[in-house]
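What follows draws every value from the coordinates through simple rules; no lab data is involved. Quick caveat, the model's predicted, so the values are computed rather than measured. Cβ placement follows ideal geometry from the backbone for every residue including glycine, while neighbour counts extend to all protein chains displayed.
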Amino acid sequence: MPYFVVHEHHAKHLHFDLRLEKDGVLKSWAIPKGPSMNPQDKRLAIQVEDHALEYGNFEGIIPEGQYGAGEVYIWDKGNYHTVKGALEEGHWEIYMEGKILKGNFVLLKIKGKPNYWLFIKKKDKFADYNFKLKLIHLHYTLQNDFLWINLLIIILN
């Protein structure tokens, strides 16, 4: 079964990258506001260049001066399968089995706008109308700050 990964990407502008394994590569979309489990949210997804399959496991820092410079974290990962439609048709419904993204989603091509899509959660038992996007980076930052504060307390005592 093919896999997907969503990267939380702290580049020049915070965004999320949806990557779906298909045809030996990771088909990729930048989602400025991040994915949502709320079917009322229609998220803009801008299709970008395909990435190598190995990139699906990447977490780390892309150095300054390189394309996409900034911190990259895996926000969610799992398997998916096609429910109906196809990427090539501009209407692709998929079933995602991630830790956060679960159930049916659809990618809809916006007519007249090359590379512009909508990424929408379908109404199903996993839909969450109160969904709030949580950043992985904030967790790491707070955890690291907490460790530094504890270290300083120990040193000062």
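The angle separating the long axis of helix 136-156 from the principal Cα axis of greatest extent in the chain is about 10 degrees. Spacing of the modelled spin labels on residue 55 and residue 131, each 7 Å from Cα toward Cβ, amounts to 2.3 nm. Spacing of the modelled spin labels on residue 67 and residue 84, each 7 Å from Cα toward Cβ, amounts to 3.6 nm. Measuring between alpha carbons in the structure, the pairs from 42/125; 12/42; 27/113 lying more than 20 angstrom apart are 12/42. With Cα Rg over 2.2 N^0.38 Å in mind, check [x] 1.16; [y] 1.05; [z] 1.11 and report the label derived from this structure. Here Cα Rg over 2.2 N^0.38 Å agrees with entry [x]. Can you compute the modelled spin-label distance between residue 1 and residue 44, with each label point 7 Å from Cα toward Cβ, in nm? Between residue 1 and residue 44, the label points sit 3.3 nm apart.
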